[in-house]
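The values are calculated or read from the model by the stated rules, or taken from the named source; none is laboratory data. Everything numeric in this text was worked out from a predicted model, so none of it was measured. For neighbour counting, all protein chains shown are included, and Cβ atoms are generated from backbone atoms with ideal geometry for every residue, glycine included. Only protein heavy atoms, including side chains, enter the accessible area calculation; ligands, DNA and RNA are left aside. Shrake-Rupley method; radii C 1.70, N 1.55, O 1.52, S 1.80 Å.
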Amino acid sequence: MGEFVGIDPRGAHELIRRMEAVKAYLSGTRPGLDAAIAEAGQDWAGRQGTTAMHRAWMFLHESQQDLTWRIDTVEQLVPVRERGMLTATFPFPSEPDARQAAETAAQAISASGDGAAGPQAARAVAAIEGEAGDPAYAAALLEALGPEVFTRLLEGLPGEQGRPLARAYASAERTGRLGDAWHELVDTAPSAALAALVTGAEQSGTVLNRVALALLNRPQDASWSPRDLLQPYAADPLAFQQLLAEHPRESRTLLNAATADPAAAQALATALHEALQPGAGADGLRERAWTTVIGTPGGRSAAEGG
């Protein structure tokens with residue numbers, strides 16, 4: 001099952017662009033050829049008309065789709081982003097295989113209690129751990145589960161048990177495979193589900209900031225702690241820098257809550273250091289982030305790790 005793949009994403013993207021240029025040329029040529037064939041009538045010497053041209057267009061189109069899936073998948077499976085050749089063992093040999101397997105997995109998860117987070121659901125979710133990094137699989141799984149069941153599972157499965165679901169969301173979202181309903185979920189999901197989403201897997205900076213804003217604009221409750229946001233921010237300092245610079249009110253809420261929580265001290269110091277150190281991000285954004293931190297009671301000592 002699956003295969004070992006080596007691919008240079010940069011070169012592959014260039015190949016996709018060239019394929020698109022050839023498809024555009026074929027699309028522009030075909031109407032003229034159709035018209036010439038119609039005008040020639042019985043005198044047309046060709047056999048298949050534009051059939052061969054259409055087959056060539058479809059070959060390029062299907063090759064683009066497969067290559068895009070391969071690029072997306074290898075970039076999700078390789079934890080460290082490097083330039084040049086990336087290698088990974090894919091869970092599935094093709095995107096259709098990935099999607100079919102995801103639909104089967106979603107049925108098993110739903111059959112375990114229709115989203116109720118019991119032992120059967122935990123086992124069914126654990127079974128997708130090895131496949132959740134495939135973005136096509138992840139997107140098909142989420143589509144089959146639906147936002148409501150997904151949220152209920154994420155909220156109810158404690159700790160590591162919900163990690164495969166969070167990873168599936170990250171894989172699908174990072175590669176642009178989620179619809180509007182999945183982005184809107186961040187604004188309405190229970191706080192426990194949002195905390196599980198960002199602590200269970202490394203989400204994009206966009207998702208991390210949306211989750212932070214959703215949580216920080218709600219009354220504080222026991223289902224999440226400042227550390228749940230600060231630990232992911234320590235791994236994504238540019239996202240934290242953006243939050244600090246562009247959302248000072250919510251940022252101060254987070255900083256004040258973290259300052260009052262001894263369990264969040266180390267995560268707070270690390271996240272601030274990474275986001276505010278010289279050279280991090282854009283100069284103007286970093287300066288605005290500093291302004292937010294300094295304006296928070298005890299802000300400078302927190303930023304310096306004191």
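Just by accessible area at a 1.4 angstrom probe, what is the order of Ser63, Ser223 from largest to smallest? Walk me through the numbers before you get to the answer.
Details: Ser63 30, Ser223 55 Å².
The ordering from most to least exposed comes out as Ser223, Ser63.
What percent does the relative contact order of region 112-183 come to when contacts are Cα pairs within less than 8 Å and at least six residues apart?
Working: 73 pairs, mean separation 29.6, N = 72.
About 41 percent, as a whole number.
Only one of the listed values, (1) 14; (2) 30; (3) 22, was derived from the coordinates as percent of Cα pairs over 38 Å apart; which label is it?
The calculated read-out lines up with (2).
Please sort 191-200, 120-129, 212-221, 141-150 by packing, taking for each peptide the average over its residues of neighbouring beta carbons within 10 angstrom, highest first. Before the final figure, lay out each step's value.
Numbers: 191-200: 23.7, 120-129: 17.7, 212-221: 15.5, 141-150: 20.4.
By packing density, highest mean first, the sequence is 191-200, 141-150, 120-129, 212-221.
Determine the share of region 118-263's accessible area contributed by carbon and sulfur atoms, expressed in whole percent, with a 1.4 angstrom probe.
On the way: 2920 of 5770 Å².
Ligands and nucleic acids excluded, carbon and sulfur reach 51 percent.
Test of understanding: in a Gaussian network model of the chain with alpha carbons linked when under 10 Å, which of Ala56, Ala38, Ala139 would top the mean-square fluctuation ranking?
With Cα springs under 10 Å in the chain, the top fluctuation among Ala56, Ala38, Ala139 is at Ala38.
Pick from Val78, Val22, Val211: which is most flexible by mean-square fluctuation in a GNM of the chain where alpha carbon atoms under 10 Å apart are linked?
Val22
Between Ala263 and Thr89, with labels modelled 7 Å along Cα→Cβ, what's the label distance in nm to one decimal, could you check?
3.7
Which of the peptides 279-291, 9-21 is most tightly packed, and how do the rest follow, going by the mean number of other Cβ atoms within 10 Å of each residue? Spell out each step's value before the answer.
Details: 279-291: 15.2, 9-21: 13.3.
Descending packing order for the listed peptides: 279-291, 9-21.
How much area per residue is accessible in region 132-199 when the probe is 1.4 Å and only protein heavy atoms are counted (Å²)? Write down the numbers at each step before the final one.
Details: 2340 Å² over 68 residues.
Using a 1.4 Å probe on heavy atoms only, each residue of region 132-199 averages 34 Å².
Can you compute 3J(HN,Hα) from phi for each residue in region 273-288, using the Karplus curve 6.51 cos²θ - 1.76 cosθ + 1.60 with θ = phi - 60°, rounded to whole Hz and x for Gly and Pro?
Computed from phi, the couplings for region 273-288 are 4, 5, 7, 10, 5, x, x, 6, x, 7, 4, x, 5, 5, 5, 5 Hz.
Using a cut-off of 9 Å between beta-carbons, work out the net charge of the residues near Val207 (Lys and Arg +1, Asp and Glu -1, Val207 not included).
Details: positive: Arg174, Arg210; negative: Glu173.
Local net charge: +1.
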